[in-house]
Structures are given as structure tokens and as C-alpha cells.
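Just below is one structure, and these are the notes that go with it.
Read-outs: derived from the displayed coordinates by stated rules, not from any lab. These figures come from a predicted structure and were not determined experimentally. Using ideal geometry, Cβ is built from the backbone for each residue, glycine included, and neighbour counts are taken over all protein chains shown.
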Amino acid sequence: MASSATPAVSNAFTLQDAFFAFVLIALLILAGRFVRQKVSLFQALFIPSSIVAGGLALLLGPEILGAIFGSNSPLGGGLFSEPIRLVWSQSPGVFINVVFAALFLGETIPSPREIWRKAAPQVAFGQTIAWGQYVVGLLLVITVLTPVFGLNPIAGALIEIAFEGGHGTAAGMAGTFEELGFPEGGDLALGLATVGIVTGIVSGILLADWGRRKGYVQVQTGKKNTDENPEANEGSQEEGEYEDPATRAERARLMRDLLIDPITLNLGFVGLAVAIGWVILKVLV
């Protein structure tokens with residue numbers, strides 16, 4: 001007896017789907033940059049091109065364009081096919097590893113004393129903000145969201161994850177949300193992170209403008225850094241940034257001896273950093 005056909009796996013995509021997904025991301029980024037250049041309001045509020053591109057993708061996706069035409073229409077899923085959207089949905093949790101792996105590449109790690117001297121104020125401020133956001137989120141869950149709307153209590157951590165952590169933390173926590181039975185938490189955190197960026201930029205610009213007009217913020221202009229003003233050029237160089245001719249010559253010799261181009265070498269270093277992090281994760285977990 002012939003076996004029944006295996007149902008298609010809805011969460012599968014091919015390498016070609018992944019390729020076109022990133023091509024579409026590049027096109028959306030270009031479109032977002034074009035729109036940002038044409039709309040003076042976006043420039044005045046310093047809205048990033050990536051946020052504008054995300055807004056365009058939302059308009060052209062199933063949430064808006066697809067909803068307008070209906071699910072039975074050829075445009076029911078918007079302009080982006082399901083495999084394309086699947087690639088996009090899985091990409092943040094993967095590429096956040098690249099972001100964190102490359103954070104310290106090419107940087108000089110200072111001494112623990114210097115790290116603490118520079119980071120202590122930010123640590124204190126960050127912890128104050130983080131715990132405050134936890135308190136607000138948990139109070140909302142205990143008093144309103146869970147009793148009234150039946151929302152998962154884990155949602156109490158969404159404000160801190162999205163606002164304090166941002167898109168990177170939200171993407172990295174997606175797997176944890178799924179393990180805890182709250183898979184929609186990843187999408188909610190990403191949405192809240194976008195809201196946090198936009199509201200932070202807009203409110204920050206308004207506050208800075210208000211402070212400047214009231215005299216609470218002073219704008220200090222320095223000397224222009226030009227070839228005609230060598231004193232400004234010297235002042236703009238931070239200590240330790242100047243490279244003597246011997247260092248430049250050694251770098252040039254190193255680049256000549258490379259059998260691969262610099263961008264390939266950088267990709268290799270990023271891959272090595274990711275591999276080291278993966279090994280550490282396997283050892284600790």
C-alpha cells in the first residue's frame with residue numbers, strides 16, 4: 001500500500017529563500033534611506049533608516065497590505081512570501097551572536113580598575129532603570145494584564161528586556177520565551193524595543209531643544225578641524241590614537257603579506273570569536 005504523502009513543513013526555507021530575504025532587506029534599507037532623505041521630519045527627529053525600512057516592510061507585509069486585500073488574494077501575504085518572512089523571523093536570534101562576538105575586536109581591553117572607573121556610573125544608572133522597569137512591568141501584570149486579559153505573567157519582564165536591553169536582548173531572549181511557553185514574547189519584545197527607540201529619540205530631541213531654549217543646555221563649538229588649522233587637528237587626536245610612521249609601515253607590510261583581503265580576514269576573526277563563544281557556552285551549559 002502506498003504511503004501517504006508527507007505534509008509540507010511550514011517552517012522550512014531554502015538557501016535561495018535566505019538569499020532573496022537578505023536582498024530584500026538591502027532594498028528596504030535603501031528605500032528607507034531614500035524616504036528619510038525626502039521627509040524632513042524623519043531627519044529632524046533623527047529616526048534611523050532601519051526604522052523607516054521596518055515601517056515600509058510592515059506596510060507592504062501581511063499585517064497591512066495583506067489585510068487590505070484579504071487572505072484569499074494573491075497579495076494576502078503582502079509582497080513577501082512566507083519563506084522570506086520565516087528567514088527574517090529567525091535571523092535576529094542568529095546574527096545577535098555576530099554583534100556580541102565582534103564587540104571587542106580591534107579594541108584594547110583596559111585594566112579592571114579602569115573598566116570600573118569608567119563603567120561604575122553607567123552600571124549604577126542602568127541597574128536603577130532596569131529594576132524600575134521590572135517593578136512597573138510586574139505591577140501591570142499582577143494588577144491588570146494577567147487578571148483582566150489573561151496574559152502570561154512572563155510579560156512582566158518585557159519592558160526591561162525591550163527598553164533596557166533593546167533589539168539585541170529581545171532577539172537573544174526569543175528562545176528562552178519559547179522554552180517558558182511564551183513564544184509570542186519575542187515578537188512583543190522586538191515591537192516594544194522599536195517603540196522604545198522611536199519614543200526615546202523623539203522625546204530626547206524635544207527635551208534637548210527645550211533645554212537649549214531655556215538655557216539649561218549650552219552648545220559649545222570648538223575650532224574647525226581643517227588643514228588650515230593644525231592646532232585643532234592636534235587637539236582632536238586623543239592620546240594613543242596617533243600612529244608613528246614605523247607603525248604605519250609595519251601595517252602596510254603586514255597587509256602586503258596577507259594572502260587574503262582584509263574583509264575576509266575580519267570575517268575570519270568574527271567567525272573565530274563566535275566559535276570561542278559557542279565552546280564556552282557548551283562548557284558552561
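Descriptive notes on the structure:
- Distance between the modelled labels on Ala102 and Asn72, one decimal in nanometres: 4.7 nm (7 Å Cα→Cβ projection).
- Taking 0.36 nm per residue of separation and subtracting the Cα-Cα distance, full extension of the segment from Ala249 to Leu281 would add 7.6 nm.
- Ordered by the count of other Cβ atoms within 10 Å of each Cβ, fewest first, Ile109, Ile96 give Ile109, Ile96.
- Extension gain for the segment Thr128 to Ile205, taken as residue separation times 0.36 nm less the Cα-Cα distance, is 25.4 nm to one decimal.
- Estimated D of the range 120-221 in µm² per second, where Rh is the Kirkwood radius over Cα pairs and Stokes-Einstein applies at 10 °C, 1.306 mPa s: 104
- Given their separation in residues at 0.36 nm each and the Cα-Cα distance between them, Thr143 and Lys214 gain 21.6 nm when the chain is fully extended.
- Fewest-first ranking of Glu63, Glu160, using other Cβ atoms within 10 Å as the exposure measure: Glu63, Glu160
- Whole-number D in µm² s⁻¹ for the range 13-101, Kirkwood Cα-pair radius fed into Stokes-Einstein, 10 °C, 1.306 mPa s: 112
- Cα-projected label distance for Ile51 with Arg113, points at 7 Å along beta-carbon direction, nm: 4.2
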